[in-house]
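One structure is given below, encoded as structure tokens.
Any read-out appearing in this document is the output of simple, stated calculations on the displayed coordinates, not a laboratory observation. Owing to the predicted nature of the structure, the values given are computational and were not obtained by experimental measurement. Reconstructed Cβ throughout: ideal geometry from the backbone, glycine too, with neighbour counts over all protein chains shown.
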Amino acid sequence: MGDASRVATKHPLDLIIYEHDLQARLCDLLEQIADCLPDNVSPPAAQAAVSAIDGLFRHHKHEEECLFPLIKKRAKPQDNIAQILSHLEKEHAADESLVSEMQESLENLAAGNKSENPNMLGYMLRGFFENYRRHLSWENTVLLPLVRERLTKDDFDILAAFLSDT
């Protein structure tokens, strides 16, 4: 699906946006897998999903360890940034927990095996990608505009350095 670390970018938010695009494509892939259950799942599609999951965890780390603290420092009271970030962090935790539960089933499908419980897996996949699409939309329409407006050049330099190190 792509490696965000290979993206040549002049601005660190370009990388965050690129990672959001990769995650949206992961959601599309998970929807395709759910639609193909129980008998028509492509093992390469399942393997691509398994591979993309690591990028999801890395992206959450980028946001929670660097982007969120930077915006917390610069936000104004009317931004309600504490509530926004708390909400996003809770969603990250819930999403990571669900993905961890799905990962073994996806690895099983990637190996060419059938799902032991296709109804449950389909339910979990749909629950994840529907919620995650909303999460991405919210970050793109609420958080990133605040980040663009509030962060300084020095903040963006810090973010760029953090992203290049992880």
Qualifying positions in segment 109-127 - touching a helix residue (DSSP H, G or I) at 6+ places or on another chain (Cβ under 8 Å) and within 13 Å of Gln47 (Cβ to Cβ): Leu109, Ala110, Ala111, Gly112
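Yes/no per residue for (1) under 21 Å from His135 (Cβ atoms); (2) surrounded by fewer than 16 Cβ atoms within 10 Å (Cβ to Cβ); (3) of a type in the set (A, V, I, L, M, F, W, C):
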position: Leu30; (1), (2), (3): yes, no, yes
position: Leu37; (1), (2), (3): no, no, yes
position: Pro43; (1), (2), (3): no, yes, no
position: Ala46; (1), (2), (3): no, no, yes
position: His59; (1), (2), (3): yes, no, no
position: Leu67; (1), (2), (3): yes, no, yes
Helices (runs of 4 or more DSSP H) (entirely within segment 76-166) containing at least 3 residues that are among the acidic types (Asp, Glu) and within 15 Å of Leu56 (Cα to Cα): 81-110
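Yes/no matrix, rows are residues, columns are (1) touching a Leu at 6+ places or on another chain (Cβ under 9 Å); (2) within 30 Å of Asp35 (Cβ to Cβ); (3) touching a residue at least 12 places away in the same chain (Cβ under 8 Å); (4) among the polar types (S, T, N, Q):
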{"site": "Cys66", "(1), (2), (3), (4)": "yes, no, yes, no"}
{"site": "Arg74", "(1), (2), (3), (4)": "yes, no, yes, no"}
{"site": "Lys90", "(1), (2), (3), (4)": "no, yes, no, no"}
{"site": "Asp95", "(1), (2), (3), (4)": "yes, yes, yes, no"}
{"site": "Gln103", "(1), (2), (3), (4)": "no, yes, yes, yes"}
{"site": "Phe129", "(1), (2), (3), (4)": "yes, yes, yes, no"}
{"site": "Arg133", "(1), (2), (3), (4)": "no, yes, yes, no"}
{"site": "Trp138", "(1), (2), (3), (4)": "yes, yes, yes, no"}
{"site": "Leu146", "(1), (2), (3), (4)": "no, no, yes, no"}
